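Trainee: One structure is given below, represented as structure tokens, and several questions about it will come after.
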């Protein structure tokens, strides 16, 4: 006897049947309303039958669903095993089935369930059991059902045909390379042990035993008030543990910590010292958002790189090197002798190349520093209080405005007290400001003040006021 679904008329004689208990019988001889799983899943209705009616399943699971050597019961056990053990844990799932190899389980899942168009349930017409009659548009049995799981492995390729059918382009001439690129992100994430991107869950969650405290807890009518309060308190603790689990999961996903290959590529470009800095800063990542933490780490790395560069330049200066070409030649000699440290000295080489591009071949380090100092001097405190001539002077000789004012006041006070300025006092003024000025700069300031008649040189006979 052929039994058909009363909605789509498909033959369900050998399939699981859904018996509606919400439809009323016309008389005692009438048959119950029967539908197939596909109509139940899509909530189809017909006449007085509604999608929200109660129903029960007439279970007959000893028939093949997708391939002949996999019964519907096997499919149920496969999905149950995946829900308990997690995707990609095929050896353990195989043990639960008891009679299927791990490779068979993997091929079955990725061929029929993973990334289906109507995810999470596969579309029957795409699998091989059913096909559509073009004349009636009704589903009928397909004669080309696969016979064995061996045929399944040769006919279906995981993550290509079924997994990405929804991504097919209408352009039949699309290259294979573009298809492979679309699979890369999924493959990378799937390769992570224990993470299931479709569910957004980990196989082993943080604080994975949190549920054990409440799994057998019940609220009974005869519970005392103290017992009820205690149970509520346990639930509060459980919710707090769930919040922490969600926070950690969100942190890992938002910070991109799942893409291990990308992280490893970035780390390979860093020196050991830079990797140590990044690792030392990781505990502080939870106190700020992603952009703020990256900015802070990059600033610390930049500081470290500048310290290394300054140390190297000091070393070059101690070797008597004063021009960019001399430093470049010294580095080449170091390379030939095998003394060049790629990790530390590569930054110096890059710096020298940039300086040459800006300053030209054979340029000395000092003029470049004078240019940088001029920008710093123009933005220094007290620069706006100077006259135009004084501004030009301090920029020309590279003296900060505060040091210039100090030296100017010392010259004027000395002149007012003694009526002249001796040569040794010029040296004394330079020493008074420490390493910030030298005797040559002090002499230039002395001549500038004498020229502007703020003071008079020793050989002049008249005295002008400030």
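The values are calculated or read from the model by the stated rules, or taken from the named source; none is laboratory data. Model, not experiment: these values are computed from the prediction. So basically every Cβ, Gly included, is an ideal-geometry build from the backbone, and we count neighbours across all protein chains shown.
Trainee: Would you say residue 343 is part of a helix (DSSP H, G or I), surrounded by fewer than 16 Cβ atoms within 10 Å (Cβ to Cβ) and at pLDDT below 85? Even if it seems obvious, please write down each step before you answer.
Mentor: Values: part of a helix (DSSP H, G or I): yes; surrounded by fewer than 16 Cβ atoms within 10 Å (Cβ to Cβ): yes; at pLDDT below 85: yes.
Considered against the rule, which asks whether it is part of a helix (DSSP H, G or I), surrounded by fewer than 16 Cβ atoms within 10 Å (Cβ to Cβ) and at pLDDT below 85, residue 343 comes out as yes.
Trainee: Determine whether the range 54-76 contains at least one residue that is at pLDDT 75 or above, farther than 28 Å from residue 96 by Cα and not in a strand (DSSP E or B).
Mentor: So far as the range 54-76 goes, yes, one or more of its residues are at pLDDT 75 or above, farther than 28 Å from residue 96 by Cα and not in a strand (DSSP E or B).
Trainee: Residues that are at pLDDT 90 or above and under 30 Å from residue 248 (Cβ atoms), at least 3 per element: which helices (runs of 4 or more DSSP H) completely within the range 261-338 meet that? Steps first, answer last, please.
Mentor: Details: elements: 272-281, 290-318, 324-336.
Once the helices (runs of 4 or more DSSP H) in the range 261-338 are filtered for at least 3 residues that are at pLDDT 90 or above and under 30 Å from residue 248 (Cβ atoms), what remains is 272-281, 290-318.
Trainee: Give the residues of the range 295-320 that are loosely packed, with under 14 Cβ neighbours inside 10 Å and within 29 Å of residue 247 (Cβ to Cβ), sorted by residue number.
Mentor: 295, 298, 299, listed by residue number.
Trainee: Taking residue 421, is it within 30 Å of residue 305 (Cβ to Cβ), surrounded by 16 or more Cβ atoms within 10 Å (Cβ to Cβ) and at pLDDT below 85? Please lay out each step first, then the result.
Mentor: Numbers: within 30 Å of residue 305 (Cβ to Cβ): no; surrounded by 16 or more Cβ atoms within 10 Å (Cβ to Cβ): yes; at pLDDT below 85: yes.
Against the criterion (within 30 Å of residue 305 (Cβ to Cβ), surrounded by 16 or more Cβ atoms within 10 Å (Cβ to Cβ) and at pLDDT below 85), residue 421 does not qualify.
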